[in-house]
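What follows is a single structure, written as structure tokens, with notes after it.
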Amino acid sequence: MARRYDSSTTTFSPEGRLHQVEYAIEAINNAGTCIGILAKDGIVMASEKRVTSGLLAPSKSSEKTYKISQHVACNVAGLTADANILIDQARLRAGRYEYQYCEPIPVEQLVELVCNYKQAYTQYGGLRPFGVAFLFAGYDEHYGFQLYQSDPSGNYSGWKATVIGSNNQAGKSLLKNEYGSSSSSEEEEEEKEGEMKVEGAATEEISMPDVKGALRLAVKVLNKTMDASASSSEKMELYVMSLENGQVVHKILNKEEAQKVIDEVEAEATPAGET
Amino acid sequence: MDTVFGVEYEGGVILAADQSNARSILTYQSNLDKITKLSPSSALAVSGPNADLVNFSEYISKNLAIYQLSNDGLQLSTHAQANYCRGELATALRKGPYQVNCLLGGYDASSGKGSLYWMDYFAALSKVNYGCQGYASSFCLSIMDRDWKEGLDQDQAVAIVDKCIKELSLRFLMNQPNFIIKVIDKDGVKTLKFGSDPADT
């Protein structure tokens, strides 16, 4: 049934679906996992580095993490060539805004501009959609640190924590249980007691981890979603966005720093008897 | 020739402009409001030929309104608005310039401060503590140079404005009977006083 309606982006199926867009989203499920976690004092984006061949020359730049402007960076899951076009577009739009207003672009506006660009490829031109999903991490003075996810349809949403790429469902369900729980921040234990008195609310308050806690959580989730059972710093890329003296700082952890986080996660896991 | 000037004080900005709309030997109107509200906390005082004055003010204010509507009520800072305004003047400069000289005054809640930007029709932009456009500068800048200081309150700033208006009525050749004065602070853009009600048709 879908066969007749799936080869053109500009055609709805009788069930009201755009198959090309859905297929594009499928393509991303084969890509290396990317995890984004919003913390009190920053944002963590962890991604799986897939080495397809031992003969590949080691790359000087990341194939996962890209800086869009001084205050925005993104993680990519999907077709790298498609991603490059969109990243150029994102950098251009961020630059244009700053040229016009002499101010950094509010993060959501940038995400919306990139998404509107993607949406055009689902409605006209007869061109296929971009096979890329993004995690955008940014800081602006209106809303502080923000994390957004966008997909080939041109849809985007803000998240406290999310996963894209392969095994993202497993990653998301782990985040649902772990984000905001006691393992991610030590202060939480006392905070939770205070909160109980305020309202007899049925739902528990989610308290945000700090960057260190977010890093540990990200590694934990990545361990679960990655194919290989043993985690090592070569297979992961850990990116942190934080504020230093009012300026946004982008950092990809080096081998030692990354290994330290991995070791901390392993130490947490072993007392519970996990292998 | 229009008189437009402004003074920044602690927590806000005052903008003042004469109200006459005239050309050659004729006065078309003596209750024109040359100070346009741009956003809930900023205004643009413009001097120049009436066509460009109105066209430019409305163009900028409507574009800023679209920005707020498109971005969930987000307001641009005064600095961003001023740079946007200057950018529009610059783009038009080598095509069909807007012959307007303006003063943009705004209040930013994030800093709790007012700021005043001086812009001329060549698209020069400068942040100032006080400023004048037109012939007024020859008469009023020296008063402001002497009387302005950091940390003025609204009454003191209004006093400076009144002094300037008095000086102009005494020494400036052209008779400008009506002035409109607006205050921009945490409570928004408000008309403090006017010589002739702009609402009278």
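The values are calculated or read from the model by the stated rules, or taken from the named source; none is laboratory data. Keep in mind that this is a model prediction, so the values were computed, not measured. For neighbour counting, all protein chains shown are included, and Cβ atoms are generated from backbone atoms with ideal geometry for every residue, glycine included. What goes into the accessible areas is simple: the full protein's heavy atoms, side chains included, and nothing from ligands, DNA or RNA. Shrake-Rupley method; radii C 1.70, N 1.55, O 1.52, S 1.80 Å.
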Considering A:S69, A:S53, which residue is surrounded by 16 or more Cβ atoms within 10 Å (Cβ to Cβ) and farther than 18 Å from A:L238 by Cβ?
A:S69
Which of the residues that make up the stretch A:90-99 are open to solvent by less than 70 Å² (accessible area, probe 1.4 Å) and either polar (S, T, N, Q) or within 12 Å of another protein chain (Cβ to nearest Cβ) (or both)?
A:Y97
What number of residues within the stretch A:3-53 are among the acidic types (D, E) and in contact with a strand residue (DSSP E or B) (Cβ under 7 Å, 6 or more places away or on another chain)?
2
For the stretch B:81-118, name all the residues that are farther than 24 Å from A:E141 by Cβ, open to solvent by less than 20 Å² (accessible area, probe 1.4 Å) and out of contact with any Ser or Thr (no Cβ under 8 Å at 6 or more places or on another chain).
B:L89, B:A92, B:L103
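Which of the residues belonging to the stretch A:248-265 are outside any helix (DSSP H, G or I), open to solvent by 60 Å² or more (accessible area, probe 1.4 Å) and in contact (Cβ under 8 Å) with a residue 24 or more places away in the chain?
The answer is A:I252, and nothing else.
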Applying the selection to the stretch A:25-41, what residues are in contact with a Leu (Cβ under 8 Å, 6 or more places away or on another chain), open to solvent by 10 Å² or more (accessible area, probe 1.4 Å) and at pLDDT 95 or above?
A:L38, A:D41
Examine the stretch A:110-128 for a residue that is modelled with pLDDT of 95 or more, within 14 Å of chain B (Cβ to nearest Cβ), crowded, with 19+ Cβ neighbours inside 10 Å and within 30 Å of A:N254 (Cβ to Cβ), and state whether such a residue exists.
yes
Against the condition touching a Cys at 6+ places or on another chain (Cβ under 6 Å) and either free of Cβ contacts under 8 Å to residues at least 24 places away in the same chain or more than 14 Å from every other protein chain (Cβ to nearest Cβ) (or both), how does A:G138 come out, does it pass?
no
Taking the options A:E63, A:E22, name whichever one is in a helix (DSSP H, G or I) and surrounded by 14 or more Cβ atoms within 10 Å (Cβ to Cβ).
A:E22
Among the residues of the stretch B:156-163, is there at least one that is open to solvent by 30 Å² or more (accessible area, probe 1.4 Å) and touching a Phe, Trp or Tyr at 6+ places or on another chain (Cβ under 9 Å)?
yes
Qualifying position, being more than 13 Å from chain A (Cβ to nearest Cβ), over 16 Å from the mean Cα position of the chain (by Cα) and of a type in the set (A, V, I, L, M), among B:L93, B:L104
B:L93
Which residues, taken from the stretch B:56-80, are within 8 Å of chain A (Cβ to nearest Cβ), assigned to a helix (DSSP H, G or I) and open to solvent by less than 70 Å² (accessible area, probe 1.4 Å)?
B:A80
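Is it the case that B:K149 is open to solvent by 70 Å² or more (accessible area, probe 1.4 Å), touching a helix residue (DSSP H, G or I) at 6+ places or on another chain (Cβ under 9 Å) and outside any loop (DSSP other than H, G, I, E, B)?
For B:K149, the condition - open to solvent by 70 Å² or more (accessible area, probe 1.4 Å), touching a helix residue (DSSP H, G or I) at 6+ places or on another chain (Cβ under 9 Å) and outside any loop (DSSP other than H, G, I, E, B) - is not met.
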Go through the stretch B:5-28 and give me each residue that's touching a residue at least 40 places away in the same chain (Cβ under 8 Å), in a strand (DSSP E or B), farther than 12 Å from B:V158 by Cβ and not small (G, A, S).
B:F5, B:E8, B:D18
State the number of residues belonging to the stretch A:141-193 that are farther than 22 Å from A:M226 by Cα, at pLDDT below 95 and outside any loop (DSSP other than H, G, I, E, B).
7
Given the conditions (1) under 30 Å from A:E112 (Cα atoms); (2) away from chain A (no Cβ under 14 Å); (3) open to solvent by 40 Å² or more (accessible area, probe 1.4 Å), which single one is not true for B:S30?
(1)
Any chance B:S47 is within 14 Å of chain A (Cβ to nearest Cβ) and among the polar types (S, T, N, Q):
no
